[in-house]
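Student: Quick one: structure below, then a few questions.
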């Protein structure tokens, strides 16, 4: 399964690579920004997209809105991975079309499992 991940934090990207690499069925491509996620999503076929909510420039919420507005990516499930755990933030993400929100900090040992559960895989 091809997964596209966007997070602006270099350390989080490194942890994501290790954590998602524990699942041999996941092929994760990790990018540093929402704008790069949009470029990659338009160019490739992904089974899901994992977005950080808070990124400079194009944040996860605007990235999700644009993904859902584009017919080429509208049906790709989006999951947020964010430190913003307030109910209003979760509702905002879901209203934009995300299927779930996972919280930071996350457990690298269970992230792939948690992501699969959120996606119903």
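Student: Which of (1) surrounded by 20 or more Cβ atoms within 10 Å (Cβ to Cβ); (2) in contact with a strand residue (DSSP E or B) (Cβ under 7 Å, 6 or more places away or on another chain); (3) more than 21 Å from residue 121 (Cα to Cα) does residue 61 not meet, given it meets every other one?
Tutor: (2)
Student: Another question, then. Residues 112, 74: which one is farther than 22 Å from residue 15 by Cα and either surrounded by 19 or more Cβ atoms within 10 Å (Cβ to Cβ) or at pLDDT 95 or above (or both)?
Tutor: 74
Student: I need the helices (runs of 4 or more DSSP H) fully contained in the range 57-121, keeping only those with at least 1 residues that are farther than 22 Å from residue 20 by Cα and touching a residue at least 24 places away in the same chain (Cβ under 8 Å).
Tutor: Correct list: 60-69, 87-95.
Student: Quick one: residue 16 ticks every box in (1) crowded, with 17+ Cβ neighbours inside 10 Å; (2) more than 21 Å from residue 2 (Cβ to Cβ) bar one, so which box is it?
Tutor: Going through the list (1) crowded, with 17+ Cβ neighbours inside 10 Å; (2) more than 21 Å from residue 2 (Cβ to Cβ), residue 16 breaks only (2).
Student: Consider the range 8-52. How many of its residues are in contact (Cβ under 8 Å) with a residue 12 or more places away in the chain, in contact with a strand residue (DSSP E or B) (Cβ under 8 Å, 6 or more places away or on another chain) and under 20 Å from residue 117 (Cβ atoms)?
Tutor: Residues that pass the stated criteria total 12.
Student: For the range 19-45, which residues satisfy the criterion of being assigned to a loop (DSSP other than H, G, I, E, B), in contact with a helix residue (DSSP H, G or I) (Cβ under 8 Å, 6 or more places away or on another chain) and surrounded by 15 or more Cβ atoms within 10 Å (Cβ to Cβ)?
Tutor: 23, 26, 32
Student: Can I ask one more? Pick out the one residue from 99, 76 that is in contact with a helix residue (DSSP H, G or I) (Cβ under 8 Å, 6 or more places away or on another chain) and closer than 12 Å to residue 51 by Cα.
Tutor: Every option except 99 fails the conditions.
The values are calculated or read from the model by the stated rules, or taken from the named source; none is laboratory data. Small disclaimer: the values here were computed from a predicted structure and weren't measured. Methodologically, a virtual Cβ is constructed for each residue, glycine included, from the backbone with ideal geometry; neighbour enumeration extends over all protein chains shown.
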